[in-house]
Amino acid sequence: MVRSTIIFCTMLIFLFGCSNNIEEQANTIVKEERESNVENGELELKVDVNVTEHQAEFIITLANNSNEMKKLEFPTSQKYEIIVTDGNDQEVYRYSAGKMFTQAIEYALIKQGESVQWEEIWEYGEIMPGEYEVDVSILAHDDENLIHKSTIEIPE
């Protein structure tokens, strides 16, 4: 009997706590803006790589060059992939290796004329000096053309 009373009281407290948030949300007015799916050439992917003695900093910028807001759908919380390969096409770095990402659909809205930016650091440590190929891709659903390829030089 005591257990049932405690459970009932807990449920009432929870329900009363939830009802206040609903009233506040109902009073909030959100301006609706028109959004559309991405078509070829409307988004520009730019990748800057700053290489120092033991690390490379990737600055990934995705700009909306269209006249309307663009909506990107990501199947997980991972927004991009970075792959670095050596002269023998052997993979030496993959951003997602050893990481876990939330398995939930996420959306990103990019307003017209604006951009989103991500930064990632690769601590490469002991790696052979030389030229490496960098492939950066945006992992939005239905946007397979958002890939940037470049070459970096790892100093001695």
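The values are calculated or read from the model by the stated rules, or taken from the named source; none is laboratory data. Here the structure is a predicted model, which means the values were calculated and not measured. Note that each Cβ is placed from the backbone with ideal geometry, even for glycine, and that neighbours are counted across all protein chains shown.
The residues in region 86-101 that are surrounded by 10 or more Cβ atoms within 10 Å (Cβ to Cβ) and more than 16 Å from VAL47 (Cβ to Cβ) can be counted, and the count is 6. Pairs linking a residue in region 88-109 that is without any contact (Cβ under 8 Å) to a residue 24 or more places away in the chain to a residue that is loosely packed, with under 10 Cβ neighbours inside 10 Å and of a type in the set (Gly, Ala, Ser), with Cβ atoms under 9 Å and 6 or more positions apart or on different chains, are GLU91/ALA97.
Filtering region 101-156 to residues that are among the acidic types (Asp, Glu) and farther than 18 Å from SER77 by Cα leaves GLU114, GLU123, GLU126, GLU131, GLU133, ASP135, GLU153, GLU156. The set of residues in region 51-85 being exposed (fewer than 13 other Cβ atoms within 10 Å of the Cβ) and not in a loop (DSSP other than H, G, I, E, B) consists of GLN55 alone. Taking residues in region 110-130 that are over 17 Å from LYS70 (Cα atoms) and surrounded by 11 or more Cβ atoms within 10 Å (Cβ to Cβ), and partners anywhere that are modelled with pLDDT of 95 or more and aromatic (Phe, Trp, Tyr), the pairs with Cβ atoms closer than 6 Å and at least 6 places apart or on different chains are GLU120/PHE58; TRP122/TYR93.
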